[in-house]
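Below: one structure, written as structure tokens.
Each value in this text was obtained by applying a stated rule to the coordinates, not by laboratory testing. The shown structure was predicted, so the numbers you read here are calculated from the model rather than taken from an experiment. Virtual Cβ from ideal backbone geometry, glycine too; neighbours counted across all protein chains shown.
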Amino acid sequence: MSTTDRGFATLFEFNLSKLYLSQGLAPRKKQRMCFRLTMLSRISCCYPEPVVPIRRGNGSANSNEKKGENWRLDSKNSLHRVRVLASPAMSFASAQSRFSSKQQKFYPQCTPRNSGPQSRDTLPTRDTGIANEEDWGISLLNENVNESGTNEDGSTWYRQSGEDLGENGYLRRWTMMGGKSHDGSSEWMETWWETSDWSGYKELGVEKSGRNAEGDSWWETWQELLHQDQWSNLAHIEKSAQKQAKSGSENAGWHEKWWEKYDAKGWTEKGAHKYGRLNEQSWWEKWGEHYDGRGSVLKWTDKWAKTEVGTRWGDKWEEKFFAGVGSRQGETWHVSASGDRWSRTWGEEHFGNGKVHKYGKSTTGESWDLVVHEETYYEAEPHYGWADVVGDSSQLLTIQPRPRPPSVFPNLEFGSSPPQLDDQT
């Protein structure tokens, strides 16, 4: 057995139970998770709260490990939970990551109030999901602005704002700001916008990017939008976020894409795609949730990783339920550098009458097949749904479109045919 294969745990556990994506993404009466995102509406001269890196507990303390711990991925920070007994399993590398605290050096000294925007060269944080609009503090200027200046420490800044007009009442209001350090070694840029037209479409968004003196770079975007289905007259709200960062000193980086979609009848879709790399190791994660608003639910997760020497491992599971009847199934697997493969598959059939058929097998020859009396539990509705997202989207909903002349009617985009309805009742 290779060195990479030693020390695999007998318990393969991924925390993937309930999705609490952000500070506002839980019903108001439930406890909410906190964000480490800097609120952009509160400009101060203080450094952001440092994020404690997560280290892999292998007992070593060499310089390479210390340098890489800022980029690791830890399965304990994942947000769903499923437990599968497995022989050779290997924990994923860490889900929280950050650059070292030396980024604090690139914050400019305090400058007089209203002299210009202060540096926003803050790296995005991993696994924080989709922030609420209040966390961004978007505040668009009501007039066209084009200004720039130099701070006391020699760093420069600029700020611009304006409006773009188009057909069908299209209106896009935007504010853009940015800056550089005195020697140009670090820079940042941030754009806010809101968009509307006469069809009822509304959009609120942010995009930011930057780099520091070490060569670390990042990019992040956030959006939420409201639109109306022209066939059903049904309102939809969508939220999304993308984040990525790349180290300038080592082969390390990560990328995340999150999305949530809701309609007024309770249909909900949520998901995320994640990727990360730290020197010789890379990892991926995908998951999704789908609720049809009538009691049917589908959830799934797929995680895998690999090293440059050829070792690969992963875990995936899926569950489908409707009216108390459904199934769960999954697989945990590992492939060594020499090509030896181990896997364990498992499944459950829930009949809705208190009986559950459990079955499974592994490549080492173990197997099981039995029926047990067991209560079936699953979430038929999302913990955060239409009413919650409407309550947390007040800035989006209050975007004011251009006044429409009485003789002008909106151009509604109808598809070639109405959406197909499924047979499920």
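Observations, loosely collected:
- Stretching residue 240 away from residue 368 to a fully extended chain increases their span by 41.9 nm, per 0.36 nm per residue minus the current alpha-carbon distance.
- Taking label positions 7 Å along the Cα-Cβ direction at both residue 400 and residue 261, the computed distance is 3.3 nm, reported to one decimal.
- Under Karplus coefficients 6.51, -1.76 and 1.60, residue-wise ³J(HN,Hα) of the range 333-344 in Hz, glycine/proline x: 8, 7, 10, 7, 5, 7, x, 5, 10, 10, 8, 9
- Projecting the Cα positions of 221, 276, 262 onto the charge dipole of the range 149-398 (unit charges on Cβ atoms of Lys, Arg, Asp and Glu, taken about the Cα centre) puts 276 furthest along the positive direction.
- For the range 149-398, the Cβ-based charge dipole about the Cα centre amounts to some 620 debye (Lys, Arg positive; Asp, Glu negative; other atoms uncharged).
- Listed by chain and number, the aspartates and glutamates whose C-alpha is less than 15 Å from the C-alpha of residue 180, apart from same-chain residues fewer than 8 away, are 121, 147, 152, 153, 190, 214, 216.
- Between the amide H of residue 216 and those of 248, distances stay under 5 Å, these residues lying 5 or more places away or on another chain, with hydrogens modeled in the peptide plane.
- Residue-by-residue Karplus 3J(HN,Hα) for the range 127-132, coefficients 6.51, -1.76, 1.60, Hz, glycine and proline x: 6, 9, x, 9, 6, 7
- Positive-end residue, the range 149-398 charge dipole about Cα centroid, Cβ charges, pick of 317, 356, 158: 356
- Extension gain, residue 142 back to residue 164 (0.36 nm per residue minus Cα-Cα distance, nm): 6.6 nm
- Net charge of neighbours whose Cβ lies under 10 Å from the Cβ of residue 133, counting Lys and Arg as +1 and Asp and Glu as -1: -3
- Relative contact order, percent, the range 342-386 [alpha-carbon distance under 8 Å, six or more residues apart]: 31
- Cα gyration tensor shape of the range 149-398, rounded if a/c is under 1.5, else prolate or oblate by comparing a/b with b/c: oblate
- Net length gained if the chain between residue 335 and residue 150 were fully extended (0.36 nm per residue, minus Cα distance): 61.0 nm
- Across the options 304, 241, 293, the greatest Cα extent toward the positive end of the charge dipole of the range 149-398 (unit charges at beta carbon of Lys, Arg, Asp, Glu) belongs to 304.
- Inter-part distance where the range 178-212 and the range 247-287 are each reduced to a Cα centre, Å: 21
- Shape category assigned to the range 187-291 from the gyration tensor of Cα positions, a/c cut at 1.5: oblate
- Distance between the pseudo-spin-label points of residue 357 and residue 380 (7 Å out from Cα toward the beta carbon): 2.3 nm.
- Members of 208/320; 208/303; 246/270; 257/358 lying beyond 31 Å, as alpha-carbon distances in this model show: 208/320; 257/358
- For the range 149-398, the relative contact order works out to 9 percent when only alpha carbon pairs closer than 8 Å and six or more residues apart are counted.
- The 3J(HN,Hα) values that the Karplus relation (6.51, -1.76, 1.60; θ = phi - 60°) gives for the range 222-238 are, in residue order, 9, 8, 9, 9, 10, 8, 10, 5, 6, 7, 9, 6, 8, 7, 10, 10, 10 Hz. Gly and Pro appear as x.
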